[in-house]
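Readers should treat all values here as calculations from the given coordinates under stated rules, not as data from a laboratory. What you see is a predicted model, and the numbers here were worked out from it, not measured in a lab. Cβ coordinates were reconstructed from backbone atoms using ideal geometry, including for glycine residues, and neighbour counts include every protein chain displayed.
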Amino acid sequence: MRKESELEGVTLLGCQGVAYPTDYAPQLLETFENKHPENEYVVTFDCPEFTTLCPKTGQPDFGHIIISYIPRERMVESKSLKLYLFSFRNHGDFHEDCVNIIMKDLWKLMDPKYIEVKGLFMPRGGISIYPFANMGDADHQDLCKARRVAALDMKK
């Protein structure tokens, strides 16, 4: 079991009555210590109900966001991630921007060894958009390249 000192900075988990953000809020993201930094393993989050707004029309866009990363010392806390992703609800940006913003915010927050973010957006005007973005440290550049090549054939 984790010690109280290991949970410092985790304030949203277990907190009743948390207000959902109405604007883009990266400051909501919280981390905790990775107890297994010597292991190379993957953590995946699946958010099938992501919503944002078209920056031009203000119409809602619906998507499925999948985040995978290989942690280093810090890991993102899932409730803070949920609230952060919810904060895009009234945020007007293109799908490609949202995916890159999410990836960069999490990279800055955690400094993982590798991270990727996929967006599977519902059709608008008869076209679905599936942006993919990834980053990795010097030891994971081959993985970055391989995953980008694989994303060229990304399907639901």
Net lengthening on full extension, D46/V18 (0.36 nm per residue, minus Cα-Cα): 8.0 nm
Ranking of E4, E73, E30 by count of other Cβ atoms within 10 Å, fewest first: E4, E73, E30
Coarse-grained scattering of region 1-138 at q = 0.11 Å⁻¹, given as base-10 log I(q)/I(0) from a Debye sum over alpha-carbon atoms: -0.42
Cross-link partners of K3 among lysines (Cα-Cα below 17 Å; sequence separation of 8 or more within a chain): K35
Per-residue [θ]222 nm for the chain (sum of -39500 (n - 2.57) over DSSP H runs n ≥ 4, rounded to 500): -7000 deg cm²/dmol
Residue-span extension gain [K3 to M122] - 0.36 nm each, minus C-alpha spacing: 38.6 nm
Listed residues H95, N34, S80: farthest to the positive end of the dipole of the chain (Cβ charges): H95
